[in-house]
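The values are calculated or read from the model by the stated rules, or taken from the named source; none is laboratory data. Note that the structure is a prediction, hence the values are computed from the model and not measured. With ideal geometry, Cβ positions are generated from the backbone for all residues, glycine too; neighbour counts draw on all protein chains shown. Heavy atoms of the whole protein, side chains included, go into the accessibility calculation; ligands, DNA and RNA do not. Shrake-Rupley method; radii C 1.70, N 1.55, O 1.52, S 1.80 Å.
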Amino acid sequence: MAKQVFTVTPPGKLTRARRAELRRQVDQLRRGTDDTGASGADARFPAPAAGPLGPGVSTGEYWNWLQVAQPPHQATSHNLAGIYPFVADDGLGHEGPLLGVDLNADVLWHFSPWDLYMNTTAKAALSTNILVIGAYRSGKSGTIKQLCTRSLAFGHQVVVPSDSKGEWVVVAEAVGGQVIAIGGENTSARLNPLDRGPRLTGVSDDVDEIMVRDRRRATLTSVIEATIQGQAKLSPMEHTAINWALEHAIRVTDDRPTITHVWQALVSPDPTAPGYKPEMESNGERARHVLERFVAGDLQGLFEGESTVAFDPDAPMVVVDTSALFDRSELAAQLTQICTSSWIQAVISDRSAKRTRYLVREEGWRDMATEQALRTYQQWLKLSRHYGVSNIVILHKMSDFDAVGEEGSKERTLAYSIAGDMENKFIFRQNTQEETNLISRLKLTPGHARLALTLQTGVFLAYVGRFSYIVDAFATSTPWERALFKTDDAVEAGSVDDHRFPLFIPEDEPVFDESMLDRLWPTSQPTPFADQTGPTS
């Protein structure tokens, strides 16, 4: 179609005769256009042209059978406010490490539980703890590793009390952290869950003694109750015998008790010891058999003596590798996680350290095996802000708590209550059968519960304070992070990419190599339909 140029010149002041003449010319043009003999309905279309392509096509012109004009949209002012094109959230600000992209606002999404807790705006977080749930291969582990690793540059320390799969070991080694391996063939590391820990500052001697004693009692009771789970709970007389044995062990060891000392006090009680009663031996029978597993049973050499390793407060990341123990039994896994968590809590419960820490609890439901453990866990979550700790509890699904106690029991109700009370939630893709649990247990709206069933890998629904966000964490990940955080090596065995990025660049090699750009972004165009055998995304 030939290009036509029209020049429109606004007329000046026209006389009445000139305006009448222009109207007559317009009427003549209108009558000449409409005088085709066609009906009113067909007057909009040009006359048919010969040929199979229809009118107008043979002459190179564009012809649309439909009217171009569209009727105006009509709606109430309330509905029109929802389609205003410039309404978008501004995210959580730019404090803390970058974690991904907010898909709703199309802005970078930064997250720091401590900065958000100190925030004075409406977007402030109500606590520093985070609940993370996601199905297998939903990207939850990679996202949390990404958050923790990027937080190191902001001065936060990362502590993993029990790495049951050994996934955090390679991350700790890559960032120069500390790895404490227990239960392996080539290690003799031992942790004492009854360690006193550092002296708390700002409290009196009496308060400090009460807090240490309560933590030690809670640890012993949790270990014993986890072992006899399904049987009758500990009676008041048994609690008395356990507490007496612990106090006796504290006295004879000059405040350095171990599980072995408590076991010895139950096996051969000293009649001359303060508080001894003849019924102590019979009342402590079940506890004695449980602790014998640590002294001379399948958990021997791990927790029954004094600690042979020390927690490094200056390390960027501290990981307790318990992967060698989790092949034994589920009960051994629970006991191990209780003991390692107790040891970690004892050594980091020092507010004077002025250190903020992420405490990552993989398979977090194992820390809630008994009512006593649940009470201790709940108390620790409440004190997390006091100690500058952000607990990250990682689960596969909400029904993981069904392993805690019987249906309708106090233990299971308390476990669900603890999970529901965690204000910050990262919800990754869930299986279809979890939709009801998301609504009833986590109080998600039906729309958000359905959305959680369709999320892509690395995308999660974030609840922070009173607001929710949809975040793509992997949109900002680097090849170094993807290679470091990948957890599917066993599945992808035999298909390893030999051209992955190295974790570190050797000192004798240049930091930047132009050949790397040629390999990543080739300038030559690929041949159409070529056989491409490279890695796919």
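Rounded to the nearest whole Å², what accessible area per residue is found for the stretch 114-270 with the 1.4 Å probe?
Heavy-atom SASA per residue in the stretch 114-270 reads 41 Å².
Between the alpha-carbon centers of the stretch 269-330 and the stretch 377-391, tell me the distance in whole angstrom.
If we compute the Cα centre of each part, the gap is 24 Å.
So how compact is the stretch 153-292: Cα radius of gyration and Dmax in angstrom?
Here Rg and the maximum Cα pair distance are 18.4, 59 Å.
Among 438-446, 143-151, what's the highest-first ranking by average C-beta atoms within 10 angstrom per residue?
Descending packing order for the listed peptides: 143-151, 438-446.
When a/c reaches 1.5 or more, the comparison of a/b and b/c decides; with that in mind, is the stretch 115-218 rounded, prolate or oblate per its Cα gyration tensor?
oblate
Answer rounded, prolate or oblate for the stretch 119-163, using the Cα gyration tensor with square roots of eigenvalues a ≥ b ≥ c: rounded when a/c is under 1.5, else prolate when a/b is larger than b/c, else oblate.
It comes out oblate by the Cα gyration axes.
Given an 8 Å cut-off on Cα distances and at least 6 residues of separation, report the relative contact order of the stretch 71-183 as a percent.
Normalised by residue count, the contact order of the stretch 71-183 is 15 percent.
Are any of the pairs K233/K277; K145/K354; K165/K410; K354/K382 more than 25 Å apart by Cα-Cα distance, and if so, which?
As for pairs spanning more than 25 Å Cα to Cα, those are K165/K410.
In the stretch 151-245, with Lys and Arg counted as +1 and Asp and Glu as -1 at Cβ, which of these residues, V175, F154, S222, has the Cα nearest the positive end of the dipole, that is, farthest along it?
Result: S222, furthest along the dipole toward the positive end.
Give me the net charge of V132's neighbourhood, meaning all other residues with Cβ under 9 Å from the Cβ of V132; Lys, Arg count +1, Asp, Glu -1.
Local charge sum for V132: +2.
If you add up the charges near R24, with Lys and Arg at +1 and Asp and Glu at -1, over every other residue whose beta carbon is less than 15 angstrom from its beta carbon, what do you get?
+4
Within the stretch 253-353, report the trypsin sites (Lys or Arg not before Pro) that DSSP leaves as loop and that have at most 16 other Cβ atoms within 10 Å.
Counting only loop positions with at most 16 other Cβ atoms within 10 Å, the trypsin sites (Lys or Arg not before Pro) in the stretch 253-353 are R328.
If Lys and Arg each add +1 and Asp and Glu each add -1, what is the summed charge of the other residues whose beta carbon sits under 14 Å from the beta carbon of V464?
-3
Quantify, in whole percent, the carbon and sulfur part of the accessible surface of the stretch 403-442 (1.4 Å probe; protein heavy atoms only).
Carbon-and-sulfur percentage of accessible area, whole number: 40.
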